Amino acid sequence: GGPASLSRFRGALVAAVLGDCVGGEFEGAEEVPMESVLQHLNSLDDETKGNGILEYSDDTAMARCVVQSLLTRTGFDEQDMARRFAKEYSASPGRGYGSGVIQVLKKLSSPQLSDVYQPARDQFNGRGSFGNGGAMRAAPFALAFPDLADVKRFARLGAMLTHSCSLGYNGAVLQALAVHLSLQGALDLPQQFITRLITEMEEVEADEAARNDARILKEAEKPFCERLHRVRDLMDRSKVSIEEVISELGNGIAALHSVPTAIFCVLHCLQPRECLPENYGGLERTIAYSLALGGDTDTIACMAGAIAGAHYGIEAIPQSWMKCCEGAEDADMNAERLHMLYHQLSQGG
Ligand code: F2R
Ligand code: MG
Ligand code: MG
């Protein structure tokens, strides 16, 4: 489809759910042989196995809250979004949430709470979380707001409800930017895509709070920009091992160690790769490759899935995968509603 087509919206939201559901199998594993990944993915095609449903985790649970809030409020409403996070957590606490964020979600359910951003500020002795929980649910901001400044602003504020450290919320901004650009067709020119991300993040990370956090955490002056430069270097190489990707970019639970990694997975899998089946299309390659990195597989595959899905569209998603994943059909329906909201807002409505 063309830029911002319905197919791209559906691809983005559905592939994010798929990444989360199929990635859950390997979350936390140190080494994941590609053979195990392919076995897992092949089993989704095997109807004779009568596959059960693969459940979604916190990544999708929170993204669903973001989607419902943006649709119901026709825009960003922090009170409404915070209420939905708290309600979702109390209804279904066993979705594999991060151990820190649980405290925030409990506090957000208090009727006495006057500032919905305060619980997040109190995390980790007042330093705030740098986990990837804000980034994992950032894609819907790119699917609701056509304007780049809105995408950046609301992805940041939406993440700050749980992640007040700039290394947490700027990960969400980067993820939303990547989905936004992909939706416009920017992955047709991968070099320009990565350059554009670096340019945008240069501005985002010039912020005083970001500079302070980077200094305190002993990171590079502009940590996400520095990682994106590493992504560009790896992209330019004809062969890159999984070990190099992990050591250069990371595969962990911190936004800094997972959002640039997810972006790399998408870029690396734009072309066929020796380690992946020839009959796989780009979206299948992206999900399989994300899983083979090990570590935070559900979240990296979820984020890579959103960016790749916005590029390849819904047609690239195997039906058999979709059928196995809890929440995939809901995501498909919600994508249509977000598409309408996006076009309504782009006409100044
Ligand atoms: N939590 C998980 N997976 C682990 C176990 C799940 C288990 N298998 C199960 O079945 O229950 N996955 C999910 O968590 C990630 C998103 O986490 P989020 O929302 O960012 O949480 P949190 O608690 O804010 O941060 C995560 C951890 O990062 C470390 N951390 C963050 N900020 C820190 C700081 N300022 N100082 C020190 N450490 C900090 C802490 O260890 C946090 O617990 C996703 O992977 C999602 O899938
Ligand atoms: Mg998860
Ligand atoms: Mg995870």
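The values are calculated or read from the model by the stated rules, or taken from the named source; none is laboratory data. Small disclaimer: the values here were computed from a predicted structure and weren't measured. Cβ atoms come from the backbone with ideal geometry, glycine included; neighbour counts cover every protein chain shown. Ligands, DNA and RNA are excluded from the accessible area calculation, which covers all protein heavy atoms including side chains. Shrake-Rupley method; radii C 1.70, N 1.55, O 1.52, S 1.80 Å.
Some observations on this one:
- About the centre of its Cα atoms, segment 1-152 shows a dipole size close to 740 debye [charges on the beta carbon of Lys, Arg (+1) and Asp, Glu (-1) only; nearest 20 debye].
- In summary, segment 6-346 shows an alpha-carbon radius of gyration equal to 0.91 times the 2.2 N^0.38 Å reference for compact globular proteins.
- Residue among Glu226, Glu202, Glu244 with the largest mean-square fluctuation in a Gaussian network model of the chain, springs linking Cα atoms under 10 Å: Glu244
- Farthest toward the positive end of the dipole of the chain, out of Leu270, Ile246, Gly126, is the Cα of Gly126, where the dipole comes from beta carbon charges about the Cα centre.
- With contacts taken as Cα pairs under 8 Å and at least 6 residues apart, the chain reaches a relative contact order of 34 percent.
- Projecting the Cα atoms of Phe224, Pro111, Ala144 onto the charge dipole of segment 6-346 (Cβ charges, centred on the Cα centre) puts Pro111 farthest toward the positive pole.
- The residues of segment 6-346 expose, per residue, 40 Å² of accessible area to a 1.4 Å probe.
- Here's the picture: charge each Lys and Arg Cβ at +1 and each Asp and Glu Cβ at -1 in the chain, and of Gly19, Ala209, Ile194 the one pushed furthest to the positive end of that dipole is Ala209.
- For segment 282-303 versus segment 193-269, the spacing of their alpha-carbon centroids is 17 Å.
- GNM result for the chain, Cα springs below 10 Å: residue of Arg337, Arg196, Arg237 fluctuating most strongly: Arg237
- Using a probe radius of 1.4 angstrom, the carbon and sulfur fraction of the accessible surface of the chain is 47%.
- Between Gly305, Gly295, Gly134, the GNM of the chain built on Cα springs shorter than 10 angstrom shows Gly295 fluctuating the most.
- Among 68-74, 309-315, 113-119, the order from most to least packed when residues are scored by Cβ within 10 Å on average: 309-315, 68-74, 113-119
- Student exercise, the chain dipole from Lys, Arg, Asp, Glu Cβ charges, in Debye to nearest 20: 900 debye
- Solvent-free Debye scattering, log10 I(q)/I(0), computed from the Cα coordinates of segment 1-121 at q = 0.12, 0.14, 0.21, 0.23 Å⁻¹: -0.61, -0.79, -1.21, -1.30
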